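**Student:** Handing you this structure, nothing more for now.
The values are calculated or read from the model by the stated rules, or taken from the named source; none is laboratory data. A quick note: this is a predicted structure, and the numbers were derived from the prediction, not measured. Positions of Cβ are generated from backbone atoms using ideal geometry, with glycine treated the same way; all protein chains shown enter the neighbour counts. Accessible surface is based on the protein model in full, side chains and every heavy atom, while ligands, DNA and RNA are left aside. Shrake-Rupley method; radii C 1.70, N 1.55, O 1.52, S 1.80 Å.
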Amino acid sequence: LENSINILNENFNKLSKELKDLKSKNSLLIQKSKNNSIIIDTSKEEIIDLIVLKYENQMNIQNEINYLIKIIEKNKQPIINKISILSTKPFKGYKYLSNVFDEEVNIYLKKTINKNQDSLFNKIVLPYLDISPTTENPITNDIILKIKNIKSNIEINDIENAEKNLKSILDSNNIFKSTLFEIDKYLKFKNELHKLK
């Protein structure tokens, strides 16, 4: 009986030691898994930021999208597919957006000024003038203030606020159609990308 108890104690001690070893190995595996997960999450965020930067500058992003496909969770694959489709309609850049907005502002302001279409001024002079809000004179007209704010938003690459301010102008979908189209492309692409974070 005493011999059996000693054997049982030895077996219990061995089992206890093996269990302790398993816990430490498991803890190391969990730690490695957490570290890999942190590395992958950090890498994913850096890739997403790189994609946005390259998209804004009209550069090819296919390699980065292919890499995201490898590291992204399976349930987010449809988002990657949508991003690939949206990337086929590239954002033409902030400079282009600013130029399009300036052209549409010019047309809008000419139509606003152009009350008497038969006047000599409207027929001869106005077609050759570019009209835009000035920074030198105080501005009191609400729409001109909004246009100035939108221009400022575009210059500092704050596209979200530029869109918000544009949509606050009555009939903006018709007046600033090209500007809103370009902004919409950019924001859809960026919003889909941020769903991956």
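**Student:** Considering only protein heavy atoms, what per residue accessible area in square angstrom results for segment 51-91 with a 1.4 angstrom probe?
**Tutor:** The answer is 61 Å² per residue.
**Student:** I would also like to ask the following. So, in nm, how far is label residue 155 from label residue 66 when the simple model puts each one 7 Å beyond its Cα toward the Cβ?
**Tutor:** 4.2 nm
**Student:** State the extension gain, in nm to one decimal, for the chain segment bounded by residue 7 and residue 169, taking 0.36 nm per residue of separation less the distance between their alpha-carbons.
**Tutor:** Using 0.36 nm per residue and subtracting the Cα-Cα distance, I get 49.6 nm.
**Student:** Report the full-extension gain for the segment residue 177 to residue 191: residue separation times 0.36 nm, less the Cα-Cα distance, to one decimal in nm.
**Tutor:** 3.0 nm is the gain from fully extending residue 177 to residue 191.
**Student:** When the chain is fully extended, how far beyond the present Cα-Cα distance does residue 143 get from residue 96, taking 0.36 nm per residue of separation?
**Tutor:** 14.7 nm
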